[in-house]
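Structure first, then comments.
Any read-out appearing in this document is the output of simple, stated calculations on the displayed coordinates, not a laboratory observation. Note that this is a predicted model, so its numbers are computed, not measured. Note that each Cβ is placed from the backbone with ideal geometry, even for glycine, and that neighbours are counted across all protein chains shown.
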Amino acid sequence: MRSSFRASLAFGAAAICLGLPAPAVAGVWTAAGPTTVPDVTWESPTPAEGTRFQATVGRQLSFGLAAAGPGAPLSSVTIQGSNLPVGAAFQARDGNPATATFDWMPPAAAAGQAINLTFMAQSDVPGVAPATLQLSVAVAWAASPQPPAMAKPKRERDRFILSSEKAHLYRYAFVIRQGVVRSGPRRTAGVVAKLGLWTPEGTSNLVLALDGRRTKRGVWIRVRLATLPNGRTGWVKRKLLSDWKEVRTRLVVDHRSLTATLYRRGKVIFKVPVGVGQSRWPTPRGEFFIRNQLYGFDSPAYGPIAFGTSARSAVLTDWPGGGFIGIHGTNQPGVLPGRVSHGCVRLKNGHILRLARLMPVGTPLTVQ
């Protein structure tokens with residue numbers, strides 16, 4: 001199965017910025033073929049690609065990273081982490097070589113999970129290919145193989161809650177089997193959508209899980225969908241989804257104040273001015289979620305980092321891929337804040353890089 005987060009992605013025309021020229025990851029692959037420029041490399045004490053760590057609930061897991069690129073000492077390398085588990089501490093220091101440390105004490109809710117970690121080291125020298133690293137962590141209980149009752153979701157008869165704004169806890173899962181989404185938690189309910197394995201950008205598809213229901217014929221999960229009309233939800237069989245991933249963050253984009261605010265456990269940790277869609281191409285309002293994170297674009301219009309969302313333009317539906325909305329940087333910071341796009345949300349490049357360090361995929365998104 002392809003990784004849920006990949007550095008070398010061609011970000012489709014309809015996915016980010018609604019139809020700008022498709023970017024490619026610098027130094028990995030372009031329309032002209034693979035590049036030949038020197039790339040960034042991982043150095044000791046970085047774990048080997050594919051390393052699988054065995055972690056225990058309540059016990060600290062730590063490791064270090066280092067990466068170097070051409071042009072030292074005048075150039076600089078930056079190390080970033082993606083889709084890190086809730087509660088993990090990731091500290092990076094730019095340089096050549098750059099260094100970083102990962103520290104995490106798995107909570108009870110992580111027991112039994114296999115968590116994939118992705119790291120990227122990128123040089124500030126134009127045309128230099130970034131280096132990516134895929135690691136995984138398997139979390140187990142220290143003593144008893146059975147989790148305590150407090151680790152299970154609260155049940156109300158046959159119904160249980162998976163994401164709660166009141167508790168500032170949200171769960172998502174990757175789609176591991178193709179299937180259909182139904183209007184109710186039963187096989188005879190009408191089909192409202194199809195659930196695929198991949199997003200239009202080529203990353204592993206994921207859904208935000210809202211709640212679930214246990215029936216005589218199995219467990220059903222109500223998920224938020226990336227379909228029109230925006231805001232639609234539906235029911236899927238539990239076996240179509242991976243183990244639960246948890247986030248404590250929530251992003252709010254406000255049309256009136258032209259700001260983006262990131263909350264963690266209900267507290268503001270990030271707030272910046274943004275650009276949103278023009279009146280004829282408005283950024284859709286509603287409840288959505290962050291589907292993926294992408295970087296390494298040829299076009300400076302996207303900035304250094306972009307997030308794909310489940311939101312879709314209601315007016316540009318004929319665009320390739322369906323007109324998905326993105327959140328990304330810009331090469332025109334002077335127009336922000338304002339109503340300046342075809343529906344995407346634009347941030348200054350420094351702001352989008354900071355947001356990338358704070359917001360994991362799966363984060364709920366509210367556009368109001």
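DSSP beta bridges fully contained in segment 208-342 are about 90 percent antiparallel.
Taking square-rooted eigenvalues a ≥ b ≥ c of the alpha carbon gyration tensor, is segment 168-214 rounded, prolate or oblate, where a/c under 1.5 means rounded and, failing that, a/b exceeding b/c means prolate? Mind showing how you got there, number by number?
Working: a/c = 2.50, a/b = 1.19, b/c = 2.10.
It comes out oblate by the Cα gyration axes.
Spin-label model, Ile176/Ala89: points 7 Å from Cα along the beta carbon direction are separated by 3.2 nm. Among Leu206, Leu241, a tally of other beta-carbon atoms within 10 Å of each Cβ gives an order, fewest to most, of Leu241, Leu206. Per-peptide packing, taken as the mean over residues of other Cβ atoms within 10 Å, places 54-60, 171-177 in the sequence 171-177, 54-60 from highest down. When Thr249, Thr101 are sorted by how many other C-beta atoms sit within 10 angstrom of their C-beta, beginning with the fewest, the order is Thr101, Thr249.
Each of Val192, Val219, Phe174 was scored by the projection of its Cα onto the charge dipole of segment 149-247, and the greatest displacement toward the positive side belongs to Val219; charges sit on the C-beta of Lys, Arg, Asp and Glu. Can you list the residues, at least 5 places off or on another chain, whose amide H is less than 5 Å from the amide H of Phe288, using H built in the peptide plane? Counting only residues 5 or more places away or on other chains, the set is Leu365, Thr366, Val367. Dipole magnitude for segment 149-247: about 660 debye, using +1 per Lys or Arg Cβ and -1 per Asp or Glu Cβ, origin at the Cα centre. Ranked by how many other Cβ atoms sit within 10 Å of their own Cβ, fewest first, the residues Lys348, Lys194, Lys245 fall in the order Lys194, Lys348, Lys245. The Cα atoms of segment 56-120 define a convex hull whose projected area, averaged across directions, is 4.3 nm². Cross-link pairs exceeding 19 Å in C-alpha to C-alpha distance, out of Lys216/Lys239; Lys216/Lys237; Lys194/Lys239; Lys166/Lys239; Lys166/Lys267; Lys245/Lys267, comprise Lys166/Lys239; Lys245/Lys267. Charged side chains reduced to their Cβ positions (Lys and Arg at +1, Asp and Glu at -1) give segment 249-367 a dipole of some 500 debye around its Cα centre. Computed from backbone phi, the HN-Hα couplings of segment 354-367 come to 5, 4, 5, 7, 10, 10, x, 4, x, 5, x, 10, 10, 10 Hz, rounded to whole numbers (Karplus: 6.51 cos²θ - 1.76 cosθ + 1.60, θ = phi - 60°; Gly and Pro given as x). When each of the peptides 42-53, 220-231, 291-302 is scored by how many other beta carbons lie within 10 Å of its residues on average, the order from highest to lowest is 291-302, 220-231, 42-53.
Across segment 97-114, coupling constants 3J(HN,Hα) worked out from phi with the 6.51/-1.76/1.60 Karplus curve, θ = phi - 60°, read x, 8, 10, 7, 10, 10, 9, 8, 10, x, x, 4, 5, 8, 4, x, 8, 10 Hz, and Gly and Pro carry x.
Which part of segment 231-251 falls in the paramagnetic zone of Lys267, meaning amide N under 18 Å from the point 7 Å along Cα-to-beta-carbon? 247-251, by backbone N distance to the label point. Once backbone amide H atoms are built at 1.01 Å from N, Thr259 has Asp254, Val274 as its partners under 5 Å, excluding neighbours fewer than 5 places away on the same chain. Mean separation of Cα pairs under 8 Å and 6 or more residues apart, divided by the residue count, gives segment 249-367 a relative contact order of 34 percent. Placing +1 on each Lys and Arg Cβ and -1 on each Asp and Glu Cβ, with no other charges, gives segment 41-140 a dipole about its Cα centre of roughly 260 debye.
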